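S.K.: My questions all concern the structure below.
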Amino acid sequence: MKESEATIVEPAGEARIAAQADVVVVGGGPAGMAAAIAAARNGAKVALLERYSHLGGLASGGMVLVLDDMWDSHHREISVRGICMTMIERLAKLKLATFPREHEWGELPDNYRRWGRWGTVDFHSHKTPYPICFASSFDPDGWKRVALEWIEEMGVELRLHSWFSRALVEGGAVKGVVCETKAGREAILGDIVIDATGDLDVAASAGAPHIKGHYIMTTVFRLGGVDTDAAERFEYEQPEAFAALDKEAKKRIGGSWAHWWLKTPLPGIVWCNCPHMAGLDGLKVEDLTKAEMQGRKHIAALVDYIRGYMPGFERCYLVDVAPQTGVRQTRLLDGEYVVNKEDLAQRTRFPDTVARGRDYTTPYRAMLPRNVDNLLVAGRHYSATPTAQKISREIPPCMAMGEAAGVAAAMALQSGVRARDVDVKQLQQKLRAQGADPGDRSGPNADVPSIARSDSPLELIT
């Protein structure tokens, strides 16, 4: 027998009932945080479980430090609002988020030079350079601070350091979850559970149909001691020399997006959303370990090179590597509806849409598992084909899904119905009344959120 096929029999055990709530949210990333806040705001008693020491998931722990995919290029408007926009506003008040204002959106070359290295561009555009759009660069520890404060304000029972183990299912409905903790196994009971794990851990454990996908993985990192002004002058004033050095830097890092470094709200600190590593499985310990080891080798090679050759990086140093590995795709729900690439390309407006992304919407059915009741799914593991998920998995639309799931859970409890039987029209109305955009209107929004207007009083680092 192969070692990987060998098994042991574990003795049956017990789990202490550590908490009971109306709504249990598993996963404290952007979607889970939004779900917990939304459910609590609508009157539910909420417990939020997170395996790490912080909230924010791939936004903070994974250091994905630009909130994008919240710009509808067809209507030239911000498409993700609600809790996501409030998060940006709270960060901006601390000078830990920055973004272009309304008068800076568009194709003016001067605006691109000012904002391009912040990552606030419409990277789906075919124009060169990319048009500037609404997106926000932010600080990861700022996110952790704001998230904890906000969750505490809402009266959510937060349980960090709680690693999901299995779903508790009775009669085809989820009744809670079991977590592994330093204190032993703990059960968290709830009437409705929201799976915001990113890897569909809860739904898969509960027996919900799902598929498996693969995409590149990344060990994101930050560099300090960077003279960003000098680096940008070199890029614009010596484009040929820059292109040659940039090409070699990307080779050393092992693959990246168009920009391997972007500015952050902290002066001299840049964000590197690379290296890209293909062929790894985010559900395998062996591959996750390989990603950490391989990623750090690439990072060391890059730093050695740019210190010697790249203007502005002569005195750079490694600040940190993200504590969470950048996993983009693993399990995907096979739900009541499976969003496909054509839905996104055709800008399909579903009658039961409850969340918007860039130029697309998410139907409530794509958050509902088949064959399992009182379980909602919110985040990058929602019901979509692998191809569709790759272009609809960014943080803001995941937060919009989480907000919709939280409101839906509270509505189901108040109406005494299953989560799948919530009145979607009422859900859409409630989301819009609370500042979100569920995507139920075909035309553009009439307003620009106050923090994005040119007359906004916020003083941002730019």
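S.K.: Share of antiparallel DSSP beta bridges in the chain, in percent to the nearest 5? Show your work: numbers first, answer last.
M.R.: On the way: 40 of 61 bridges.
Of the beta bridges lying entirely in the chain, close to 65 percent run antiparallel.
S.K.: Further, regarding this structure: For region 398-462, which trypsin sites (Lys or Arg not before Pro) are in a loop by DSSP, counting at most 14 other Cβ atoms within 10 Å? Walk me through the numbers on the way to the answer.
M.R.: Working: sites: ARG418, ARG420, LYS425, LYS430, ARG432, ARG441, ARG453; in loops: ARG418, ARG441, ARG453.
Within region 398-462, the qualifying trypsin sites (Lys or Arg not before Pro) (loop, at most 14 other Cβ atoms within 10 Å) are ARG418, ARG441, ARG453.
S.K.: Calculate what fraction, in whole %, of the accessible area of the chain sits on carbon and sulfur atoms when a 1.4 Å probe is rolled over the protein chains. Provide the component values of the computation, followed by the final result.
M.R.: Values: 9520 of 19280 Å².
Roughly 49 percent, rounded to a whole number.
S.K.: Can you compute the charge dipole magnitude of the chain about its Cα centre, using +1 on each Lys and Arg Cβ and -1 on each Asp and Glu Cβ, nothing else charged? Give it in debye, rounded to the nearest 20. Please report the intermediate quantities before stating the final value.
M.R.: Working: 55 positive and 60 negative charges, 48 e Å.
Magnitude of the dipole: close to 220 debye.
S.K.: Over the Cα atoms of region 261-398, what Rg and Dmax result, in angstrom?
M.R.: 19.2, 58
S.K.: Counting alpha carbon pairs within less than 8 Å and at least 6 residues apart, what relative contact order, in whole percent, applies to the chain?
M.R.: Values: 1084 pairs, mean separation 109.0, N = 462.
Relative contact order, the chain: 24 percent.
S.K.: Just to be sure I follow: if Rg is taken over the C-alpha atoms of the chain and Rh is the Kirkwood radius over the same atoms, what is Rg/Rh? Before the final figure, lay out each step's value.
M.R.: On the way: Rg = 21.9 Å, Rh = 22.6 Å.
Looking at the chain, the ratio lands at 0.97.
S.K.: Over 30 Å between Cα atoms, which of LYS45/LYS144; LYS93/LYS247; LYS263/LYS297; LYS247/LYS390; LYS127/LYS263 qualify? Kindly include the intermediate steps, with their values, before the conclusion.
M.R.: Working: LYS45/LYS144 22 Å; LYS93/LYS247 37 Å; LYS263/LYS297 23 Å; LYS247/LYS390 25 Å; LYS127/LYS263 22 Å.
Listed pairs above 30 Å: LYS93/LYS247.
S.K.: If I take R0 = 25 Å and measure r between the Cβ atoms of LEU283 and ARG370 in this structure, what FRET efficiency does the formula 1/(1 + (r/R0)^6) give, to the nearest 0.05?
M.R.: Numbers: r = 21 Å, r/R0 = 0.85.
E between LEU283 and ARG370, to the nearest 0.05, is 0.75.
S.K.: Also, I was wondering about something else. Cα axis of helix 395-415 to longest principal axis of the chain: angle in degrees, 0 to 90, nearest 10?
M.R.: Around 20 degrees separate the two axes.
S.K.: Counting Lys and Arg as +1 and Asp and Glu as -1, each charge on the Cβ, what is the dipole of region 79-228 about the Cα centre in debye, to the nearest 20? Show your work: numbers first, answer last.
M.R.: Numbers: 18 positive and 20 negative charges, 66 e Å.
Magnitude of the dipole: close to 320 debye.
S.K.: Give the residue list of GluC sites (Glu not before Pro) in region 7-83 that are DSSP loop and have at most 13 other beta-carbon atoms within 10 angstrom. Display every interim value, and only then the final one.
M.R.: Details: sites: GLU14, GLU50, GLU77; in loops: GLU14, GLU50.
Passing both the DSSP loop test and the Cβ count: GLU14.
S.K.: On a 0 to 90° scale, report how tilted helix 30-41 is relative to the longest principal axis of the chain, with both axes built from alpha carbons and the result rounded to the nearest 10.
M.R.: Value to nearest ten degrees: 50.
S.K.: Taking every Cα atom in region 192-331, find the radius of gyration and the maximum pairwise distance Dmax, and write them in Å.
M.R.: Taking only Cα atoms of region 192-331, I get Rg and Dmax of 17.8, 58 Å.
S.K.: Right, here's the next one. Filter the trypsin sites (Lys or Arg not before Pro) in region 149-209 to those in DSSP coil with at most 13 other Cβ atoms within 10 Å of their Cβ, and list the result.
M.R.: Working: sites: ARG159, ARG166, LYS175, LYS182, ARG185; in loops: LYS182.
Loop-located and lightly packed - LYS182.
S.K.: For the chain, what does -39500 (n - 2.57) per DSSP helix run (n ≥ 4), summed and divided by total residues, give at 222 nm, in deg cm²/dmol to the nearest 500?
M.R.: Details: 13 runs with 145 residues, N = 462.
Theoretical 222 nm ellipticity from helices: -9500 deg cm²/dmol.
S.K.: For the chain, take the longest principal axis of its alpha carbons; what is the angle in degrees between that and the long axis of helix 424-433, to the nearest 10 within 0 to 90?
M.R.: Result, in degrees: 50.
S.K.: I would also like to ask the following. In Å², what does the accessible area per residue of the chain work out to with a 1.4 Å probe? Intermediate values should be presented prior to the final figure.
M.R.: Values: 19280 Å² over 462 residues.
Computed with neighbouring chains in place, this is 42 Å² per residue.
S.K.: Put +1 on the Cβ of every Lys and Arg and -1 on every Asp and Glu Cβ in the chain; which of TYR52, ALA97, GLY439 then has its Cα farthest towards the positive end of the dipole?
M.R.: Sorting the options by dipole projection puts first TYR52.
S.K.: Along Cα→Cβ, 7 Å out, is where each label goes; now give me the distance between the ones at TRP163 and ALA230 in nm to one decimal.
M.R.: My value for the distance between the label points is 4.4 nm.
S.K.: Classify region 354-442 as rounded, prolate or oblate, taking a ≥ b ≥ c as the square roots of the eigenvalues of its Cα gyration tensor: rounded when a/c is under 1.5, otherwise prolate if a/b is larger than b/c and oblate if not. Each step should come with its number before you reach the end.
M.R.: Numbers: a/c = 2.11, a/b = 1.25, b/c = 1.69.
Oblate shape, in that a/c is at least 1.5 and b/c is the bigger or equal ratio.
S.K.: Can you tell me how much longer the chain between ALA241 and ILE17 gets when fully stretched, taken as 0.36 nm per residue apart minus their C-alpha distance, in nm with one decimal?
M.R.: Full-extension gain reported as 74.3 nm.
S.K.: I'd like the distance separating the alpha-carbon centroids of region 259-281 and region 130-208, in whole Å.
M.R.: For region 259-281 versus region 130-208, the Cα centre distance is 26 Å.
S.K.: I've got another one for you. Note down the nm distance, to one decimal, between modelled labels 7 Å out along Cα→Cβ at ILE8 and at ARG296.
M.R.: Rounded to a tenth, the inter-label distance reads 2.8 nm.
S.K.: When the chain is fully extended, how far beyond the present Cα-Cα distance does HIS74 get from ALA183, taking 0.36 nm per residue of separation?
M.R.: Details: separation 109, 0.36 × 109 = 39.24 nm, distance 5.21 nm.
Additional length available on full extension: 34.0 nm.
S.K.: So between ASP110 and ASP455, what do we pick up on full extension, going 0.36 nm a residue minus the alpha carbon distance? Don't jump to the answer; show the numbers that get you there.
M.R.: On the way: separation 345, 0.36 × 345 = 124.20 nm, distance 2.01 nm.
Gain in length upon complete extension: 122.2 nm.
S.K.: Just to compare against my own numbers: the Cα pair-distance distribution for region 277-348, 10 Å bins, whole % per bin, please.
M.R.: 15, 29, 24, 20, 11, 1
S.K.: Rounded, prolate or oblate: which fits region 25-121, taking a ≥ b ≥ c as square roots of the Cα gyration tensor eigenvalues, rounded meaning a/c under 1.5, else prolate when a/b beats b/c?
M.R.: On the way: a/c = 2.66, a/b = 1.91, b/c = 1.39.
Prolate, because a/c is 1.5 or more and a/b exceeds b/c.
The values are calculated or read from the model by the stated rules, or taken from the named source; none is laboratory data. Since this is a predicted model, take the numbers as computed values, not measurements. Neighbour counts are summed over all protein chains in view; Cβ atoms, including those assigned to glycine, are modelled from backbone coordinates with ideal geometry. Heavy atoms of the whole protein, side chains included, go into the accessibility calculation; ligands, DNA and RNA do not. Shrake-Rupley method; radii C 1.70, N 1.55, O 1.52, S 1.80 Å.
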